Amino acid sequence: MNDAAILLVDDEQAIVLLLETVLRKEGFANIDKAESAEEALAACERKSYDAIVLDVMLPQMSGFDICPFIRRATDAPILFLSAKSTDFDKLTGFAVGGDDYVTKPFNPLEIVARIRSLLRRSGKAHGLLAAAPPAGPVHDFGFFQVDEAAAELRTGGKPVNCPTLVYQLLLFLCKNPNRVFTKSELYERVWGESSIGDDNTVMVHIHRIRERIEPDPSRPRFLVNVRGLGYKLVKREVQP
């Protein structure tokens with residue numbers, strides 16, 4: 001039995017019941033439900049969740065609208081559910097703090113698979129990993145540090161909130177400093193699947209990293225674009 005805490009947010013009771021039923025059959029027991037954005041935010045302020053499934057078309061306040069507020073309360077991976085399937089809608093979901101995006105209609109088993117994947121990436125896969133990963137080093141770039149053991153980004157010695165896939169992408173780049181990667185390579189290495197031309201997802205996450213690690217995100221000096229090739233995280237010698 002998996003004890004990861006899951007929050008399902010959707011005003012369509014049939015969808016919530018379907019997801020809850022399938023999740024329980026797949027071994028998830030700790031499941032809460034919310035029917036509105038307000039209920040979802042209250043739940044996140046009251047309890048710590050390991051993953052959140054968030055519908056976009058909620059009454060009064062949309063999932064896109066509430067996501068930044070949920071992000072302030074938790075760094076749990078957020079999977080958006082939506083009937084909106086355009087690239088713009090998907091990019092909006094990532095831009096406001098989402099980690100994954102699935103369009104309706106959907107296969108509930110795909111949702112379960114994506115939740116498991118998000119839990120593994122975030123290190124919150126209770127009962128899914130054979131053993132805890134070994135404590136890692138601190139990647140020190142002077143202005144910011146990434147502490148693998150604590151799974152934490154710090155600037156100026158203070159922790160910075162970092163959603164799961166933003167952190168995973170940053171950590172991958174920290175482990176491979178001064179090396180250029182194409183957008184497709186980054187997607188395949190971090191998301192674990194072929195990008196199939198979905199370069200925009202990586203670009204959004206690059207922007208979100210820059211907002212956290214750059215003194216001036218509009219003029220990056222750490223996470224730089226190598227024209228025509230891709231991106232690299234520049235590491236210089238840190239002065240003692």
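To the nearest 20 debye, what is the magnitude of the charge dipole of the range 6-122 about its Cα centre, counting +1 on the Cβ of each Lys and Arg and -1 on the Cβ of each Asp and Glu?
Charge dipole, the range 6-122, about its Cα centre: 420 debye, nearest 20.
Would you count, across the chain, every pair of lysines whose alpha carbons are under 23 angstrom apart, provided the pair is eight or more residues apart or spans two chains?
20
Taking amide H atoms as placed 1.01 Å from N in the peptide plane, list the residues 5 or more away in sequence, or in a different chain, whose amide H sits under 5 Å from that of residue 28.
Amide H to amide H, under 5 Å and 5 or more residues apart or across chains, residue 28 pairs with 2.
If amide H atoms are built 1.01 Å from N in the plane of the peptide, which residues on other chains or at least 5 residues away come under 5 Å of the amide H of residue 58?
63
In deg cm²/dmol and to the nearest 500, what is the mean residue ellipticity at 222 nm of the chain if only DSSP H runs of at least 4 residues count, each as -39500 (n - 2.57), divided by the residue total?
Helix contribution divided over all residues of the chain: -12000 deg cm²/dmol.
Would you mind calculating the relative contact order of the range 6-122 from Cα pairs under 8 angstrom and at least 6 residues apart, reporting the percent as a whole number?
25
In Å and from the alpha-carbon atoms only, list the Rg and Dmax of the range 138-233.
12.6, 38
Please tell me the relative contact order of the chain in percent, rounded to the nearest whole number, where contacts are Cα pairs under 8 Å and at least six residues apart.
After rounding, I find 14 percent.
Compute the distance in nm between two label points, each set 7 Å from the Cα along the Cα-to-Cβ direction, one at residue 155 and one at residue 236.
Spacing of the two 7 Å Cα→Cβ label points: 1.7 nm.
Could you rank the peptides 13-21, 139-147, 160-168 by their average count of other C-beta atoms within 10 Å per residue, with the highest value first?
Peptide ranking by packing, descending: 160-168, 139-147, 13-21.
Evaluate the relative contact order of the range 138-233 (contact order divided by residue number), counting alpha-carbon pairs under 8 angstrom at least 6 apart; express in whole percent.
Relative contact order here is 25 percent.
In terms of modelled amide H atoms, which long-range or inter-chain residues lie less than 5 Å from the amide H of residue 33?
8
Using the beta-carbon distance between residue 29 and residue 106 and R0 = 22 Å, what value does 1/(1 + (r/R0)^6) give for FRET efficiency, to the nearest 0.05?
It comes to 0.50.
Spelling out what I want: for every residue of the range 51-59, take phi, set θ = phi - 60°, compute 6.51 cos²θ - 1.76 cosθ + 1.60 (Karplus), and round to whole Hz; glycine and proline get x.
Going residue by residue, I get 7, 10, 9, 10, 6, 7, 8, 9, x Hz, with x marking Gly and Pro.
Taken together, the values in this text are just the output of simple stated rules run on the coordinates, not laboratory data. Just so it is clear, the model here is predicted, and its values are computed rather than measured. For neighbour counting, all protein chains shown are included, and Cβ atoms are generated from backbone atoms with ideal geometry for every residue, glycine included.
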